[in-house]
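Worksheet: one structure, shown below.
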Amino acid sequence: MFCLECGRKIEDGETACANCGMTVEEIQERVAAAQEKVTYAETVGPDSTTKLPPVPERVYRDKDGNIINPEEAIETNIVDKSKGDDLPVVGKEEDPYITMPMPKVVTDDGQVVKGQSAEARTFVQAPQKKKGLSARTKAILTLVVLFAVIAIAAAIANSAGLLDNSEVLETETTEEVATEESADEATNDEQLRMTNILKELSDNYQTLGNYRGQVGSVVSNFNNYYIASDKTKRQQYADECSALIKSISDSKAQLIEEMNELGLAEENPYFETYDDINELYELLITRLSVIKECWDVSLASADPKAEAEAILAPLAKDLNKGKSVSIGDFDTLYPQVPFPELSF
């Protein structure tokens, strides 16, 4: 047997062409399906030559070697027989798509029995039929269609109210999800509120540390200038004391307002922190208020040196053994202010 693809001889026992890979099964199918019509110029004898092996569709060519399509009708009536071997050229209107002369005539077993023939031969090979679906593929498609029909029927039944139980379950599930979402939202709101409370208290705590340093500067300026003859200087430092009192009082009032807005109650874990910070504000205001009273006496005196004792008299409200009670309490309480950590 010879390969229809490349022409190589296939030995007995081989299942495919070793050159191009075309299988013996495919060759046999094409040989069985092929229909051919061969016109011979001469034959050696009826027992020597029977037919030519079918030629693959792709190797059909005209006399110039151009590939032709054997499935198209051949209009032999337009062939000019008087021209002999001068066949029409592919591409011209009179071209009947006649194949080129066969170079050899062979038997079924591939033996050459005649040389080249000058007479043109026409081969007609039926087109290969498309293979239908296999039984397995048909069975799979049947199952797919069956499952699709069942799914559609279930969907229709559900929409018609035949699956009320699932609808009730879906409603209950929706309500449970909504309840959980509400609980999560409430928890998130509480976390945000507590976070805001902690932030405000922390900011005020840091602010108190800054105020403590400013109070020390105000007290130092008072000690240095409360009996100075330059009243302008005394007025300047007295004004600084008043301005600091106002600033601290405003911060304290703002903290109270913010805690009211955030709903801080006594049972809140941060309430003790808030209470201590409020007390720290009060201790600084107490110290500055005493200094302000002293400045008022100093500014009212024409001779502060002569009235030094009267100027310092208000300090007695905040002194114990020569030290400020309010500042001592502040310095003790400040590092002890609690900031508990919360877990949700």
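The values are calculated or read from the model by the stated rules, or taken from the named source; none is laboratory data. Only a predicted model underlies this, so the values are computations on that prediction, with no experimental measurement involved. Cβ placement follows ideal geometry from the backbone for every residue including glycine, while neighbour counts extend to all protein chains displayed.
Within the range 265-278, the set of residues being under 27 Å from Ser326 (Cα atoms) and buried (at least 16 other Cβ atoms within 10 Å of the Cβ) comprises Tyr270, Thr273, Tyr274, Asp276, Ile277.
Cβ separations smaller than 9 Å between residues 6+ apart or across chains give the following pairs from the range 208-230 residues that are touching a residue at least 12 places away in the same chain (Cβ under 8 Å) to residues that are hydroxyl-bearing (Ser, Thr, Tyr) and part of a loop (DSSP other than H, G, I, E, B): Ile227/Ser301.
Do we have any residue at all in the range 261-280 that's modelled with pLDDT of 95 or more, assigned by TED's automatic domain parsing to the domain that holds Ala238 and touching an Asp or Glu at 6+ places or on another chain (Cβ under 7 Å)? Checked against the condition, which is being modelled with pLDDT of 95 or more, assigned by TED's automatic domain parsing to the domain that holds Ala238 and touching an Asp or Glu at 6+ places or on another chain (Cβ under 7 Å), the range 261-280 yields no hits at all.
Filter the range 306-330 down to the residues that are of a type outside the set (A, V, I, L, M, F, W, C) and part of a helix (DSSP H, G or I), then identify the one that is farthest from Glu282 (Cα to Cα). Reasoning before the result, please.
Taking the range 306-330 first, the residues of a type outside the set (A, V, I, L, M, F, W, C) are 307, 309, 314, 317-318, 320-324, 326, 328-329.
Now drop any that are not part of a helix (DSSP H, G or I), which leaves 309, 314, 317-318, 326, 328-329.
On the way: Glu309: 27, Pro314: 18, Lys317: 15, Asp318: 13, Ser326: 9, Gly328: 13, Asp329: 11 Å.
In this case the residue turns out to be Glu309.
The number of residues in the range 324-344 that are surrounded by fewer than 10 Cβ atoms within 10 Å (Cβ to Cβ) and free of Cβ contacts under 8 Å to residues at least 24 places away in the same chain comes to 3. Among the criteria (1) in contact (Cβ under 8 Å) with a residue 40 or more places away in the chain; (2) assigned by TED's automatic domain parsing to the domain that holds Gly213, the one Ala310 does not fulfil is (1). Applying a threshold of 6 Å to beta carbon distances and a minimum spacing of six or more residues, or different chains, the list of pairs starting in the range 180-205 at a residue that is touching a residue at least 12 places away in the same chain (Cβ under 8 Å) and ending at one that is loosely packed, with under 11 Cβ neighbours inside 10 Å and among the charged types (D, E, K, R) is empty.
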